[in-house]
Structure formats: structure tokens, C-alpha cells
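Student: What follows is a structure written as C-alpha cells; I'll ask about it next.
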Amino acid sequence: MRRHMNKKYLAAAALALTLAAANSLTAFAAGWVHTPQGYKYQHGDGSDYRNSWLRENDQWYYFGDDGIMRTGWIQRDNTWYFASDTGELNEGIMKINGNVYKFAKDSCTMVIGASDYHGVTYTFTENGTGDRSPYVYNEWNSNGTLAHGQRYVQY
């Protein structure tokens, strides 16, 4: 009887050690992680995006060399992009700090030169349009926050 009880205690101790060891292993879930510096996107192994793009739910995001998601103006490989404060790169016509810009539909890159918008040709530069600009209701600050208008979220 005593020998049977020792086996029970030994089995319970082994189970407790196994559970304790399993709990001490770090597990990483893939997905968004909020840090004091901003948002990161973590892989299942604990690494994150650095100096790279992420496409999730039909949206593009850019992460700097520190792994933090960028917002506002982003220059990469001599090309300009603009990300709202949610980190999503934007496409189409945008008014940013009073200037109107156009971003390509598929690449979200800033359009430079003559381009049509609703049947009218406008000239777009790195500083926005020239004398003539299309009407844009929403206006954004250069850091990606909405200055005026309404945010449209598509899911």
C-alpha cells in the first residue's frame, strides 16, 4: 500500500514539473502588438516586420527599422506614400495640410505629373496640385490624423 502511494506522489510531482516547464516557455501569437512606441506586427516566432511592408485585409502597412508601424508621410526608395493614423496606406485623391495629392490605386504611390480625376486633368507635384485643385472634403494632417471630415472604414 505504501509503495502504491509513493507512485501516486511521484506521478503527481512529475505532472506538476511538466506543467511548470510548459508554462515557462514563451509563446508568441502572430498579429498586432501595441507597445509604448506604437504598433508592431509580430510573427508567430516573436520576430516582427522591419523595413518592410505588410498586406493585411487588402490594406498595406509599412514598418520602420525599429519595427514600429509608420503613419503620415513615408518616403521609401525615392517614392512617397501617405498612411493615415491607423497605418493604412491611402490611394486616390487626398488633401493633406491644405494641399491636394493623388496616390495610385494599386501601389499607393504618390502620382507626379498630369493625371485625370473625374474627367479633368490636373498636374500633381510633390507639393500637391498647382493653381487648380479638385475639391476634397476630408483633410488630413501630415502625421496621418484626420483634420477635417469623416473617416470611412471598410471591412
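The values are calculated or read from the model by the stated rules, or taken from the named source; none is laboratory data. From a predicted model like this one, the values you see are computed outputs, not experimental measurements. Counting neighbours? That spans all protein chains shown, and the Cβs are built from the backbone with ideal geometry, glycine included. What goes into the accessible areas is simple: the full protein's heavy atoms, side chains included, and nothing from ligands, DNA or RNA. Shrake-Rupley method; radii C 1.70, N 1.55, O 1.52, S 1.80 Å.
Student: Counting other Cβ atoms within 10 Å, keep those with at most 15, restrict to DSSP loop, and tell me which trypsin sites (Lys or Arg not before Pro) in region 34-83 are left. Intermediate values should be presented prior to the final figure.
Tutor: Numbers: sites: K40, R50, R55, R70, R76; in loops: R50, R70.
For trypsin sites (Lys or Arg not before Pro) across region 34-83 that sit outside H, G, I, E and B with at most 15 neighbouring Cβ atoms in 10 Å, the list reads R50.
Student: Shifting gears a bit: Looking at region 69-153, which chymotrypsin sites (Phe, Trp or Tyr not before Pro) are in a loop (DSSP not H, G, I, E or B) and have at most 15 other Cβ atoms within 10 Å?
Tutor: Values: sites: W73, W80, Y81, F82, Y101, F103, Y117, Y122, F124, Y135, Y137, W140, Y152; in loops: Y135, Y137, Y152.
Here the sparse-neighbourhood loop sites are Y135, Y137, Y152.
Student: Extending each Cα 7 Å along its Cβ direction at Q150 and Q42, get the distance between those two points in nm, one decimal.
Tutor: 3.7 nm
Student: Stretch A30-E139 to full length: gain in nm at 0.36 nm per residue minus the Cα-Cα span?
Tutor: 35.9 nm
Student: Sticking with this one: Rolling a 1.4 angstrom probe over the protein heavy atoms, how many square angstrom per residue are accessible across region 41-103?
Tutor: Numbers: 3040 Å² over 63 residues.
Accessible area per residue: 48 Å².
Student: Report the net charge of residues surrounding M69, where surrounding means a beta-carbon distance below 12 angstrom and charges are Lys +1, Arg +1, Asp -1, Glu -1.
Tutor: Details: positive: K40, R50, R70; negative: D48, E56, D66, D85, E88.
Residues near M69 contribute -2 overall.
Student: Another question, then. Amide H to amide H, which residues 5 or more places from S84 or on other chains are under 5 Å from it, using H placed in the peptide plane?
Tutor: Long-range HN contacts for S84: G72, N90.
Student: Ok, one more. Go through region 68-155 and name the GluC sites (Glu not before Pro) that are in a DSSP coil and have 13 or fewer other Cβ atoms within 10 Å of their Cβ.
Tutor: Numbers: sites: E88, E91, E126, E139; in loops: E88, E91, E126.
Passing both the DSSP loop test and the Cβ count: E126.
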